[in-house]
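The values are calculated or read from the model by the stated rules, or taken from the named source; none is laboratory data. Just so you know, these numbers come straight off a predicted model, no measurement behind them. Here Cβ is always computed from backbone atoms with ideal geometry, including for glycine, and neighbour counts include all displayed protein chains. What goes into the accessible areas is simple: the full protein's heavy atoms, side chains included, and nothing from ligands, DNA or RNA. Shrake-Rupley method; radii C 1.70, N 1.55, O 1.52, S 1.80 Å.
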Amino acid sequence: MSPDRELRVSKIRNGTVIDHITGGQSLNVLAILGIDGSEEFSLSIGMNVPSDRLGRKDILKVEGRELSQSEVDVLSLIAPEATINIVRDYEVVEKNRVERPTEVVGVLSCPNRNCISNDDEPVETRFAVMDDGVRCDYCSEILRDRIAEHIDV
């Protein structure tokens, strides 16, 4: 096996492999997933790995964890080319590309402190997904950067 084709990180037994993450975004993906390194499962991170399709990509392997649909929806906002591979007993049993939803509900907090969604009202947050960010349905605040900081999963 040539050095260019060596497996850099070992296979996982059960869990999720998130591949084709936009280069440099894996730490934001970890924030979306609420993973800070204190968990008992193992985690492998590859950052700025060469990719034919993206030029550079990040890859995450999370042992013992499968993603929820709401996590995948938010992940698609910062990693629109990502693929989600579910691994069971060392085999990929499911492979999906993320799809950007038209809206995300109940997973982001609005950065506008005056928004009704940040009040004591029983209102679930709702954001319309745009090409370059998300827009709050209640106050029209647009969130383009640091989406991971507003995760409320």
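Residues of the range 127-149 with amide nitrogen under 18 Å from the 7 Å Cα-to-Cβ point of Glu121? Correct set: 127-128, 135-142. When the helices of the chain are scored as -39500 (n - 2.57) per DSSP H run of n ≥ 4 and the total is divided over every residue, the value at 222 nm lands at -3000 deg cm²/dmol. What a 1.4 Å probe finds exposed on the range 15-97 is 45% carbon and sulfur by accessible area, rounded to a whole percent.
Rounded to the nearest 20, the Cβ-based charge dipole of the chain about its Cα centre (Lys and Arg +1, Asp and Glu -1) stands at 680 debye.
Of the residues Gly55, Ala79, Ser117, the one whose Cα sits farthest toward the positive end of the charge dipole of the chain, with +1 on the Cβ of Lys and Arg and -1 on the Cβ of Asp and Glu, is Gly55.
If you take the square roots of the eigenvalues of the alpha-carbon gyration tensor of the range 35-107 and sort them as a ≥ b ≥ c, do you get rounded (a/c under 1.5), prolate (a/b over b/c) or oblate?
The shape class here is rounded.
With a simple spin-label model that places each label point 7 Å from the Cα along the Cα-to-Cβ direction, the separation between Glu81 and Arg13 comes to 3.4 nm.
Ratio of Rg to Rh for the chain: 1.02 [Cα atoms; Kirkwood radius as inverse mean 1/r over pairs]. Against the chain, whose longest principal axis comes from its Cα atoms, helix 69-78 is set at around 90 degrees. The largest accessible area among Ser117, Ser70 belongs to the first residue in Ser70, Ser117, and the rest follow in falling order (1.4 Å probe, all chains).
Note on Glu94 and Ser68: the model spin-label points, each 7 Å out from Cα along the C-beta direction, lie 1.5 nm apart.
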